[in-house]
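Where a number appears in this text, it was derived from the coordinates with a stated rule and is not lab data. Remember, predicted model here, so these are calculated numbers, not experimental data. Cβ coordinates were reconstructed from backbone atoms using ideal geometry, including for glycine residues, and neighbour counts include every protein chain displayed.
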Amino acid sequence: MRKDIVITNQNIYNFVEEKAARLSSQLYRTIKKSPKDRGYFAMIVGSSCSGKSLVLIKLSELLSTKSKSQNFIFCQPLVDRQDILKDTIRSRTKESITATSFSTKAEIENIFHDYDIIAVDEVQLIPHGLQSFFLRELHLFLDRGGFFVCAGLDYNSLGGEFIFPALLKTRSHRVHHLQSLCSMCGKPADRFDQRLVNGKPANVNMPDFAGPTDTITYEPRCSDCLIIQK
Ligand SMILES: [Zn+2]
């Protein structure tokens, strides 16, 4: 059985929760006022502990309680990581919602064909082999007037960008940047997470993608405190 490690022992700050509540309300208002024949694509990026998943969870709650008639789905890629649960979007606040995990082109096609409002978490983890198909379906969905919002990391722990989120940012109508606080100096951390291996900064030659384990951990850091070990 998969060991359900708590994502990290870090909690998110009150200002993060307040910003998540404001942004989810803003997205909900955008959905309400968007013309039915005009697609809209919003993207939420930021470091870990910045409230990205929490925005989606709160938006789901708003849609569930206020817009029962609307046809919406919350989903995320199915990946084999200890911090990503199948069919669940979970925040550091421990709040969670039921979500649909997808791992095939057929599942992506069904999602984009069957719903009017689609939210996807952890977009940086969409496997490379599905990205082109996902982007094609997304554009067809937007052409049909759908509302799409996705959340994810746009920068990796080695100081570079995750390629798929970088591309999605160029296609979105609006990018919302969220912040946490640097675990070293307390300044805003809006991009990076430091990868630590047994508590020490990871080497640049490690893979771009490596989920948290007993030895690998992540913490938000500002650009001054991010250490890329060469
Ligand atoms: Zn710092």
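The table below gives the values:
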{"quantity": "For region 28-74, projected area of the alpha-carbon convex hull averaged over all directions, nm²", "calculated": "3.7"}
{"quantity": "Gain on full stretching of the segment that runs from MET206 to GLN70 - 0.36 nm per residue minus C-alpha separation", "calculated": "44.6 nm"}
{"quantity": "Region 36-145: radius of gyration over Cα atoms, expressed as a fraction of 2.2 N^0.38 Å", "calculated": "1.04"}
{"quantity": "Length-normalised contact order for the chain - Cα pairs under 8 Å, 6+ apart - percent", "calculated": "25"}
{"quantity": "10 Å binning of all Cα-Cα separations within the chain, expressed as whole percents from 0 upward", "calculated": "8, 34, 38, 17, 4, 0"}
{"quantity": "Nearest-0.05 FRET efficiency for LYS169 and VAL197, computed from C-beta distance (R0 22 Å)", "calculated": "0.15"}
{"quantity": "FRET E, pair SER132, ASN14, Förster distance 30 Å, beta-carbon r, rounded to 0.05", "calculated": "0.15"}
{"quantity": "Amide H contacts under 5 Å for ASN156, placed H, 5+ residues apart", "calculated": "GLU161, PHE162"}
{"quantity": "Net charge dipole size for the chain [Lys, Arg +1 and Asp, Glu -1 on Cβ; Debye, nearest 20]", "calculated": "540"}
{"quantity": "Calculated log₁₀ intensity ratio I(q)/I(0) where the Debye formula runs over C-alpha points of region 101-230, q = 0.09, 0.16, 0.18, 0.23 Å⁻¹", "calculated": "-0.32, -0.86, -1.00, -1.33"}
{"quantity": "Lysine pairs within region 82-222, Cα separation less than 26 Å, 8 or more sequence positions apart or different chains", "calculated": "7"}
